[in-house]
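Asks: Supplied in structure tokens, the structure appears directly below.
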Amino acid sequence: MINLSNLHNIYTQALDNHHPTIAFELREGGGVFVLMMFFSEEDESRDQLFILLKRTQRMIKYKMYGNHRKGDFDIYPNPRYDNWIKEELGIIGGQTAYEQEKILEKLNKNIPQNLPLTSTIKTIHNNRNMVSRTVNLVDEEDKIYLLGPRKLSEDRHPREKTIRKLYLYVEAEPELIKNFIEHLRKNNMTLAWTRDPNRANYNLAEMMR
């Protein structure tokens with residue numbers, strides 16, 4: 001077992017800022033590893049760590065144990081991922097020493113201790129094809145065209161699975177998307193999406209006026 005304890009700061013930061021989504025890219029050897037967590041109240045993946053092996057386009061998933069608020073992110077290395085990780089590192093057939101736990105320890109040491117929402121947005125958007133195919137990231141996956149914001153009643157709040165569609169489907173600067181999300185939360189608004197591309201409206205700046 002290994003504790004990915006260096007997730008603690010950015011996990012707590014995301015919770016405190018009401019953005020329960022984190023994603024960032026790490027490089028190790030010849031591999032590129034995209035680590036992601038999705039932990040809103042409506043996410044079934046609250047205790048899971050997703051790692052996209054970016055070069056080889058495979059997604060691996062670890063169950064996490066322990067109290068994350070206290071810094072416990074315990075996972076067990078899974079032998080079924082060994083060949084995938086070796087291929088990502090480019091060491092299949094070579095003489096390079098390999099232990100999955102050692103790779104995870106190296107990744108843990110390089111986890112950033114500050115992760116702006118703009119960085120998470122950019123990481124997910126840049127890997128959206130693989131992420132959307134392998135992770136239950138959003139509601140109503142067939143509705144990908146933005147209509148615009150909708151006011152919610154006082155007893156309701158915007159769902160993270162609805163807001164995350166902005167990360168995947170809107171071509172805009174991450175800073176603009178971040179500001180738009182803050183506008184939605186401040187005004188207790190959600191987003192309406194449609195299947196019809198002809199009704200799409202991506203003028204986020206206009207929507208905030």
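Asks: Explain nothing, just the number: dipole magnitude of the chain about its Cα centre with +1 on each Lys and Arg Cβ and -1 on each Asp and Glu Cβ, in debye rounded to the nearest 20.
Replies: 280
Asks: Turning to a different aspect of this structure: Considering only protein heavy atoms and a 1.4 Å probe, what is the carbon-and-sulfur percentage of the accessible area of the chain?
Replies: 43
Asks: If I stretch the segment between R27 and T134 completely, what's the gain in nm (0.36 nm per residue apart, minus their alpha carbon distance), one decimal?
Replies: Here the segment from R27 to T134 would lengthen by 36.4 nm.
Asks: Here is a follow-up. Going through the cross-link list K86/K122; K70/K109; K86/K106; K54/K161, which pairs have a Cα-Cα distance over 20 Å in this structure?
Replies: Where the Cα-Cα span goes over 20 Å, the pairs concerned are K86/K122; K54/K161.
Asks: Using the Cα centre of the stretch 109-209 as the reference point, and only Cβ charges (+1 on K/R, -1 on D/E), how large is the resulting charge dipole? Debye, rounded to the nearest 20.
Replies: About 140 debye.
Asks: Within the chain, which is the longest segment containing none of the chymotrypsin sites (Phe, Trp or Tyr not before Pro) that sit in a DSSP loop and have at most 15 other Cβ atoms within 10 Å?
Replies: With chymotrypsin sites (Phe, Trp or Tyr not before Pro) excluded where exposed in loops, the chain gives 99-201 as its longest stretch.
Asks: So if R0 is 41 Å, what FRET efficiency would D82 and N114 give, r being the distance between their Cβ atoms, rounded to the nearest 0.05?
Replies: According to the calculation, E is roughly 0.80.
Asks: Whole number in Å², please: accessible area per residue of the chain, 1.4 Å probe, ligands, DNA and RNA not counted.
Replies: For the chain, the solvent-accessible area averages 52 Å² per residue.
Asks: How are the Cα pair distances of the stretch 40-129 distributed, in percent, across 10 Å bins from 0?
Replies: Percent of pairs per bin, in order: 13, 41, 37, 9, 0.
Asks: Bin width 10 Å, origin at 0, all Cα-Cα pairs of the stretch 1-94: what percent of pairs per bin?
Replies: The distribution over the stretch 1-94 is 15, 47, 30, 8, 1, given as percents.
Asks: Per residue, how much space in cubic angstrom lies within the convex hull of the C-alpha atoms of the stretch 85-185?
Replies: 155
Asks: Turning to a different aspect of this structure: Report the full-extension gain for the segment L176 to I91: residue separation times 0.36 nm, less the Cα-Cα distance, to one decimal in nm.
Replies: 26.5 nm
Asks: Sorted from largest to smallest, which semi-axis lengths in Å does the alpha carbon gyration tensor of the stretch 82-133 give for its equivalent ellipsoid, taking the root of 5 times each eigenvalue?
Replies: Largest first, the stretch 82-133 gives 27, 17, 8 Å.
Asks: List the extent of the Cα atoms of the chain along each of their three principal axes, largest first, rounded to whole Å.
Replies: The Cα atoms of the chain stretch 59, 37, 25 Å along their principal axes.
Asks: In the Gaussian network model of the chain, springs joining C-alpha atoms below 10 Å, which of E171, E154, E25 carries the largest mean-square fluctuation?
Replies: Greatest mean-square fluctuation among the candidates belongs to E154.
Asks: What area, in nm² and to one decimal, does the C-alpha convex hull of the stretch 40-91 cast on average over all directions?
Replies: Mean projected area of the Cα convex hull: 4.5 nm².
Asks: Distance between the C-alpha centers of the stretch 1-77 and the stretch 140-209? Whole Å please.
Replies: 25
The values are calculated or read from the model by the stated rules, or taken from the named source; none is laboratory data. Source: prediction; values computed, not measured. With ideal geometry, Cβ positions are generated from the backbone for all residues, glycine too; neighbour counts draw on all protein chains shown. Each accessible area value is taken on the protein alone, full model and side chains, heavy atoms only, with ligands, DNA and RNA left out. Shrake-Rupley method; radii C 1.70, N 1.55, O 1.52, S 1.80 Å.
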